[in-house]
1. So how far apart, in nm, are the two label points at residue 277 and residue 369 if each is 7 Å from Cα heading toward Cβ?
2. Give me 332, 377 sorted ascending by neighbouring Cβ count inside 10 Å, so fewest comes first.
3. Report, in whole Å, the centroid distance computed from the Cα atoms of the stretch 71-149 and the stretch 315-360.
4. Rounded to the nearest 0.05, what FRET efficiency do residue 292 and residue 52 give with R0 = 51 Å and r taken as the Cβ-Cβ distance? Could you check?
5. Please arrange 316, 47, 213 by how many other C-beta atoms lie within 10 Å of their C-beta, fewest to most.
6. For the chain, set up a Gaussian network in which alpha carbons nearer than 10 Å are linked by springs, and say which option among 140, 297, 131 fluctuates the most.
7. Going by the alpha-carbon gyration tensor, a ≥ b ≥ c the square roots of its eigenvalues, is the stretch 301-416 rounded (a/c under 1.5) or, if a/c is not under 1.5, prolate (a/b greater than b/c) versus oblate?
8. Sticking with the crude label model, points 7 Å out along Cα→Cβ, report the distance from residue 162 to residue 249 in nm, one decimal please.
């Protein structure tokens, strides 16, 4: 399972001038992009693709892994596993050449579910020349982004007594907030922990909630910053500066597998989803007299987003769900499903230039238009191997996709 779901994708502002592109790349620093919404502000993408797929710019063999690709300047960053070792790598964005490779042992607990291997699930975070990565075995590293030199290290499952052991491996991506790095640890007194980004010292640790697999998401509710943390049995909101608990709302399933990052809108509605009877629910948040009022708008147990991402456009959330594997358009205010369409296995997507770029777990890459009225697939091609669970990354008109064996750069720009 993964909150890696994959995750990720990095949304960036890509425009024509080199200086503006460089500024945009600097924002490609976390799972889901600058706004954690999987949307990329770009232009001039192809309306369709040849039957053999978009032109391949380069391909590079990698070991097993589910981490999304970060982009900054001329570099890409990701993680993978070979044998008993994890690799955190920097690659040249134009040709995939290795710039540096930090290799470390990452033991996996005997109770770890071997079905999905021990490859890293979490997507690193990049800030101020430092790269923060977490392995499947919950080893957190801070590296120099230019050289790959180790600056500090933490073992989340050993350094914190009775931290939440996740049998499918640590998956939540770290979240950078100011001079802190916020991670989910789980367990009594350290459900959520904030580290000093430079030293690795603990700045605060709070709460008794068990951790799950979803990446924390920052929202702005009436001028108040709240960090949403989807824990094993509930959604909580905390003050990202202090860890103070603002509110909590129960949402669980028998396996404690809340994986998909919450979806937020400017109407102050948050949508959360998980497997089994957890299903999907929408919560309306309102600030009243210094507190947050949480109203459940609807709950549908039959809509289940497993380990994929979800994207909100207008009043609808678009997502690939399981049981069965279909794409759905879900009204965030009512829970009404506008349509269900087959054609892709469980899949992740990004939204760019008015289109969805989709990658499903069987290795198909697609280009589709989705709106409340219809879902139109304009291109679909098998380019990757199985268990392609990683959210694609788009930089300008170059698309980066990966499976458990390779990373591929594709030209998805419009042809004159």
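Bear in mind these aren't lab numbers, they're just calculated from the coordinates by the rules spelled out. Owing to the predicted nature of the structure, the values given are computational and were not obtained by experimental measurement. Because the Cβ atoms are built from the backbone with ideal geometry, glycine has one as well, and the counts that use them run over all protein chains shown.
1. The two pseudo-label positions are separated by 4.3 nm.
2. Working: 332 22, 377 16.
Ascending Cβ contact count within 10 Å gives the list 377, 332.
3. Taking the Cα centre of each part, the stretch 71-149 and the stretch 315-360 sit 29 Å apart.
4. It comes out at approximately 0.50.
5. Ordered by Cβ neighbours within 10 Å, fewest first: 47, 316, 213.
6. Among 140, 297, 131, the largest GNM mean-square fluctuation belongs to 297.
7. Oblate, because a/c is 1.5 or more while a/b does not exceed b/c.
8. The two pseudo-label positions are separated by 2.9 nm.
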